[in-house]
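Encoded as structure tokens, the structure appears first; notes follow it.
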Amino acid sequence: MTKQTDTPTHPLNAISGQFKSSDAESDRDNDRQPPEIVTTSPSLSLLKLSSPALLIDQALQIVWQNHAACKVLWHIDDPPPAPSQAHSIFDLLFKKGHFEQTDHWREWLLFFLVQAIQLTSVQEVERRIEDLPDNQRRTVQSALGGLGKVVDSPHFTGNAYDALQDGHGAVFNVVVTRFESNALMVFESRPADGAGLSVMTAADAGRRAELAQRFSQAAKSEISVLSAELNDAVTLRTEMLDEEFGHLFLRVWEISAETIEAFGGVVSQSSGTGILGYFLPGDDTENRPLGAIQCALELKRKMSELGREWKIRKGWLHDIELNMGIHTGVEYMAAVPTMLGDHLLALGETLDVAKHLSQIVSGGQIWTTKALIHRVPDKELKSLRFGIFRSDSHRQVFIAKCFSRIRDLATVGSSAPRQDGEMGACAVAQVFDRQGHG
């Protein structure tokens, strides 16, 4: 009797088989070719991939991943000899090394949730997370809120983000290919120059749908507000044709909206030449005050690039800058339905202080409140450069990690309104980039 053995088919072999021509087809191809031309069947050689790559199945298991994925994506310094052992995507997402070292952890969670939903369904994902620890299950459920509706949309592209980044300055372009019940993901690294922070529309829509659902009735929430005003807007409008100025501000708005959404914020409608960004925590893993500061620094960099472009185009000396104010607090939030979709509305002191700061400072400065600085974790606070300038005998001295009342700011000109009352007593500091002042 012949002994039969049932050896399981490796997932990579199952995929590569879809690319190989049969022997009969190869023979027919060879018959049609001249004798001197030798044809070969196409084959898939994923094992030679140097970029991080992994394969996920319908059970939400990572059934295969290479050593590069273990080390680069999940920060496993000493990968096991056989990295093909199946892991739940949640095992690795919530793994201490990845969870704590990835600043943009929520983007990773959303990305893998979208891929899982594409392979199964929202209901199946919800069933799979029932056995997770309570805190992990609540985090995933929060991220799933509203995301299912976006995935079911006929306009959905199938990706959550066109790029992912971690806490080490690495940014990845992710290529996803689906093979029936499996999804192959290859993470190609790209320079961490800020271009990789662009968030795709599907993820933005998911975030907005989640917030609209959460605030269908007015409710209190923690919020960080970033208010940005175009610096010296009156001069720019006066010197430019109306059509040209409109084109300029449209570019400012597009860049600002893209950057705010890339850092997990939501763009709010605003009047005139001002822009508002709301940063709300989706769960306990997010630090929205820090995200608002990082967003402001990135906006400053991008406005500098836009300014250089317009100096060449116009031959002038004007800079394109945004004066920014950031504050955090707890406010009533509500989603107001409009013809253009749900509009997130916030009222209260948090919004007023942020807008006030952006209106009284100049030169593209970034100012934030002492209350917000206190919300930034000590580990991250070490990387931030903030403080104030004090006048001393016809010169200004920078004092790091120090604050000033709004009414005492040296940057407030004589034409600015008096800073009396509680607003004037608010303690604030200027935030700088890490290379120098401003």
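The values are calculated or read from the model by the stated rules, or taken from the named source; none is laboratory data. Since we're looking at a predicted model, the values are computed, not measured. Cβ: placed from backbone, ideal geometry, glycine included. Neighbour counts: every protein chain shown. To get the accessible areas, we keep the full protein, side chains included, count just its heavy atoms, and leave off ligands, DNA and RNA. Shrake-Rupley method; radii C 1.70, N 1.55, O 1.52, S 1.80 Å.
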Please specify each residue of region 225-252 satisfying the condition of being open to solvent by 80 Å² or more (accessible area, probe 1.4 Å), of a type in the set (A, V, I, L, M, F, W, C) and within 14 Å of Gly272 (Cα to Cα). Val234, Leu250
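Out of Ser153, Ser121, I need the residue that is hydroxyl-bearing (Ser, Thr, Tyr), at pLDDT 65 or above and either surrounded by fewer than 17 Cβ atoms within 10 Å (Cβ to Cβ) or under 27 Å from Ile293 (Cβ atoms) (or both). Which one? Steps first, please.
Working: Ser153 fails: at pLDDT 65 or above.
It is Ser121.
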I'd like to verify a number: residues in region 373-389 that are open to solvent by 80 Å² or more (accessible area, probe 1.4 Å), part of a loop (DSSP other than H, G, I, E, B) and farther than 16 Å from Asp433 by Cβ, how many? 2
Under 6 Å by Cβ, and 6 or more places apart or on different chains, what pairs join a residue from region 400-415 that is farther than 14 Å from Val431 by Cβ and aliphatic (A, V, I, L, M) with one that is modelled with pLDDT of 55 or more and part of a loop (DSSP other than H, G, I, E, B)? Ile406/Gln419; Ile406/Cys426
Given the structure, is Ser358 outside any helix (DSSP H, G or I) and either open to solvent by 20 Å² or more (accessible area, probe 1.4 Å) or not hydrophobic (A, V, I, L, M, F, W, C) (or both)? no
Which residues, counting only those in region 361-372, are surrounded by 21 or more Cβ atoms within 10 Å (Cβ to Cβ) and outside any helix (DSSP H, G or I)? Val361, Gly364, Gln365, Ile366, Trp367, Thr368, Thr369
Region 301-333: number of residues that are in a helix (DSSP H, G or I), touching a residue at least 60 places away in the same chain (Cβ under 8 Å) and open to solvent by less than 50 Å² (accessible area, probe 1.4 Å): 3
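When you look at Leu132, is it farther than 30 Å from Ala335 by Cα and at pLDDT 80 or above, yes or no?
Yes; evaluated as a whole, the condition is true for this residue.
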Condition (residue is hydrophobic (A, V, I, L, M, F, W, C) and within 18 Å of Leu322 (Cα to Cα)) applied to region 369-380: is it met by at least one residue? no
Pairs returned, first residue in region 364-385 that is on the phi > 0 side of the Ramachandran plot, second residue that is assigned to a loop (DSSP other than H, G, I, E, B) and among the small types (Gly, Ala, Ser), beta-carbon separation under 9 angstrom, 6 or more apart or interchain, are Gly364/Gly438
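Scan the helices (runs of 4 or more DSSP H) fully inside region 180-286 and keep the ones with 3 or more residues being at pLDDT 80 or above and over 24 Å from the mean Cα position of the chain (by Cα).
Numbers: elements: 201-214, 233-239, 242-262.
Result: 233-239, 242-262.
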